[in-house]
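Working notes, structure below.
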Amino acid sequence: MQAEIERLYDEKAAAYTDAHLRLFAEFKAALNEGRARAAAPDRDSPTGWRVNAWVKKGILLGFRMGGVIDMSIDASRQPYFDKSTYPVKQFTAASGVRIVPGGSSIRDGCYIGKGVTCMPPMFINTGSYVDEGTMIDSHALVGSCAQVGKNCHISAASQIGGVLEPVGAMPVIVEDEVLVGGNCGIYEGVIVKRRAVLGTGTILNGSTPVYDLVRNTVYRATAEQPLVIPEEAVIVAGSRAVTNSPGKEWGISVYTPVIVKYRDARTDSRIQLEDLLR
């Protein structure tokens, strides 16, 4: 499948045949079942993850192949027009996914594990991977190709950016048992390692350094590696003073995320309530 997807992506067809459509349907089934992922764990990688560029090519190929069609259930009340290759994802009770009514949408071509809870309204885009037991809270977004681990809580109004393009770029990754507080944003291929906690309003991206007050170090993205947040780090939104003029004279500070501690028993007890909501 990989070789066929890459060939069709690189050698644009004048017209797409039934064989091409069957290939894409097979690829999308692999996405839905979690057999194909935009990024996957890799013990040999410095970050613990590797990008599967061919999967991103397959997702982009779907947009190229599909035409915009009317998918409205009731066009007069709620019109819905999108690519024919990416309708909404289909679930049954046997899927084991809890989707609370109220305006949520999950696009086809993503993996949603058993026990995932979707609170309205939230959106999960194609190519993403949301593992078992995770809660996607109200007004939260999981972008295309984002990877979210087991038993996470993506709190209300948080955004997990996707990074579909360029195809070789690492998507955003949130590992197991991470708590993402309300109104947080994780973008530009940031990797949040397991059991980390992001306090309300924390923004992580490729251009803002993270200051670790516990280990007396600063974490940054580089040209070769994304920003990686350590396991069990507890991060809050902070600020640092501008030290050069005129910012210093004006008393200006700029935003920066700060690691203030690492998880302990008190941290665990404060977030334990989340298990009761699943």
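General remarks:
- Criterion: of a type outside the set (Asp, Glu) and not in a loop (DSSP other than H, G, I, E, B) - qualifying residue of Val163, Val234: Val234
- Strands (runs of 3 or more DSSP E) wholly inside the range 42-130 that include at least 1 residues being of a type in the set (Val, Ile, Thr): 49-51, 68-70
- Complete set of residues in the range 55-78 that are surrounded by 10 or more Cβ atoms within 10 Å (Cβ to Cβ) and within 22 Å of Asp18 (Cβ to Cβ): Lys57, Gly58, Ile59, Leu60, Leu61, Gly62, Phe63, Arg64, Met65, Gly66, Ile69, Met71
- Scanning the range 207-219 for residues that are free of Cβ contacts under 8 Å to residues at least 40 places away in the same chain and either outside the structural domain of Lys261 (by TED's automatic domain parsing) or over 21 Å from Arg194 (Cβ atoms) (or both) yields Ser207, Asn216, Val218.
- Only one entry of Val214, Val218 meets the criterion of being assigned to a strand (DSSP E or B) and either out of contact with any helix residue (DSSP H, G or I) (no Cβ under 7 Å at 6 or more places or on another chain) or modelled with pLDDT under 95 (or both), and that entry is Val218.
- Counted residues, the range 232-261 - those being in contact with a Phe, Trp or Tyr (Cβ under 8 Å, 6 or more places away or on another chain) and exposed (fewer than 15 other Cβ atoms within 10 Å of the Cβ): 2
- For the criterion of being small (Gly, Ala, Ser), in contact with a helix residue (DSSP H, G or I) (Cβ under 6 Å, 6 or more places away or on another chain), more than 19 Å from Ala156 (Cα to Cα) and without any contact (Cβ under 8 Å) to a residue 60 or more places away in the chain, Gly58 passes.
- Pairs with Cβ under 6 Å, 6+ apart, first in the range 174-192 and outside the structural domain of Leu204 (by TED's automatic domain parsing) and at positive phi, second at pLDDT below 95 and crowded, with 24+ Cβ neighbours inside 10 Å: none
- Selected residue (criterion: farthest from Gly161 (Cα to Cα)) from residues of the range 211-228 that are touching a Leu at 6+ places or on another chain (Cβ under 7 Å) and not charged (D, E, K, R): Tyr219
- A Cβ distance below 6 Å, combined with a sequence gap of six or more or placement on separate chains, defines the contacts here; from the range 230-241, residues that are in contact (Cβ under 8 Å) with a residue 12 or more places away in the chain reach residues that are of a type in the set (A, V, I, L, M, F, W, C) and not in a strand (DSSP E or B) in the pairs Ala233/Ala196.
- Ala30, sole failed condition from (1) assigned to a strand (DSSP E or B); (2) over 19 Å from Val172 (Cα atoms): (1)
- Residue satisfying all of: in the range 182-228; over 16 Å from Thr256 (Cα atoms) and over 17 Å from the mean Cα position of the chain (by Cα); surrounded by the most Cβ atoms within 10 Å (Cβ to Cβ) among these: Gln225
- Matching residues in the range 115-150 - criterion: being surrounded by fewer than 21 Cβ atoms within 10 Å (Cβ to Cβ) and more than 10 Å from the chain's Cα centre (by Cα): Gly115, Thr117, Met119, Pro120, Pro121, Phe123, Glu132, Gly133, Asp137, Ser138, His139, Lys150
The values are calculated or read from the model by the stated rules, or taken from the named source; none is laboratory data. On a predicted model such as this, the values are computed, not experimentally measured, just so you know. All Cβ positions, glycine included, derive from the backbone under ideal geometry; neighbour counts span all protein chains shown.
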